[in-house]
Structures are given as structure tokens and as C-alpha cells.
Amino acid sequence: MNEQGLTKLEVALEKQTGESWSSFASHAIGSNAYKELYIFVWRDKAVVYMDRGNRFIRELFSARFKSLRDGSELALATVHILYGDGVSDCTPELRAVNRP
């Protein structure tokens, strides 16, 4: 909800992952009584995921973008988890996302 919270989030992510993270925040948005920030948070180093164990029906997809203005980089990733007929169908892929 504020810049200090965003800084704490980045520090926690860096401590948890051992990697550098960056962020970008909007100005405070909302009513007079309650305001929040919109934020983007990203890992500075992105890697392409190779599904050598064939754990995913659809491999994770990622891309890295570099600003032509200032040279900054942004990496984004998406994953499409198998929906299936129930929780037991999607659980293996969800667990695999959390494994290195």
C-alpha cells in the first residue's frame, strides 16, 4: 500500500530466492480514505524453463524485454496449468511450478 511496503517485499523476495528483484510503482490511487499502489515486481535475471522431465502439458513461456530508452530489462513468464476434472488433475503441475 506504500513505497516502504514495496521495499520490504523486494527484500523478502531477494532473501527467499537469493536473486535481485526490481519494481515499479504508480502513485497512490483510491478514495480519500483509502489508497493503494499498482506495482510491477520482477526478477532481474530470467531464464527459459526447459521441461526435461516432461512435467507440464504446456511448457512455461517466458520473454525478456529491454528498454531502448534506458537499457533496463523486464522478464515476464506465464504458465497454463492443466484444468482437468478436479483438483487432483492440476495439482502435479502446480507443485512442479514451485520446484527449481
Check: In segment 1-46, which residues are open to solvent by 100 Å² or more (accessible area, probe 1.4 Å) and under 28 Å from H80 (Cα atoms)?
Finding: K15, Q16, F24, Y38, F40, K45
Check: In this structure, is S72 at pLDDT 75 or above, open to solvent by less than 80 Å² (accessible area, probe 1.4 Å) and either in contact with a Lys or Arg (Cβ under 8 Å, 6 or more places away or on another chain) or on the phi > 0 side of the Ramachandran plot (or both)?
Finding: yes
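Considering each residue of segment 1-53, count those that are aliphatic (A, V, I, L, M) and touching a residue at least 24 places away in the same chain (Cβ under 8 Å), and give that number. Show your work before the answer.
Within segment 1-53, the subset aliphatic (A, V, I, L, M) is 1, 6, 9, 11-13, 25, 28-29, 33, 37, 39, 41, 46-48, 50.
The next check asks that each one be touching a residue at least 24 places away in the same chain (Cβ under 8 Å); those that pass are 1, 6, 9, 13, 28, 37, 39, 41, 46.
Of the residues in segment 1-53, 9 are aliphatic (A, V, I, L, M) and touching a residue at least 24 places away in the same chain (Cβ under 8 Å).
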Check: Tell me, which strands (runs of 3 or more DSSP E) lie completely within segment 11-100 with 1 or more residues that are closer than 29 Å to M1 by Cα and among the charged types (D, E, K, R)?
Finding: 39-43, 61-66, 73-78
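The values are calculated or read from the model by the stated rules, or taken from the named source; none is laboratory data. The structure displayed is predicted, hence computed values, not measured ones. Positions of Cβ are generated from backbone atoms using ideal geometry, with glycine treated the same way; all protein chains shown enter the neighbour counts. When the accessible area is computed, the model is the full protein with side chains, heavy atoms only, and any ligands, DNA or RNA have been set aside. Shrake-Rupley method; radii C 1.70, N 1.55, O 1.52, S 1.80 Å.
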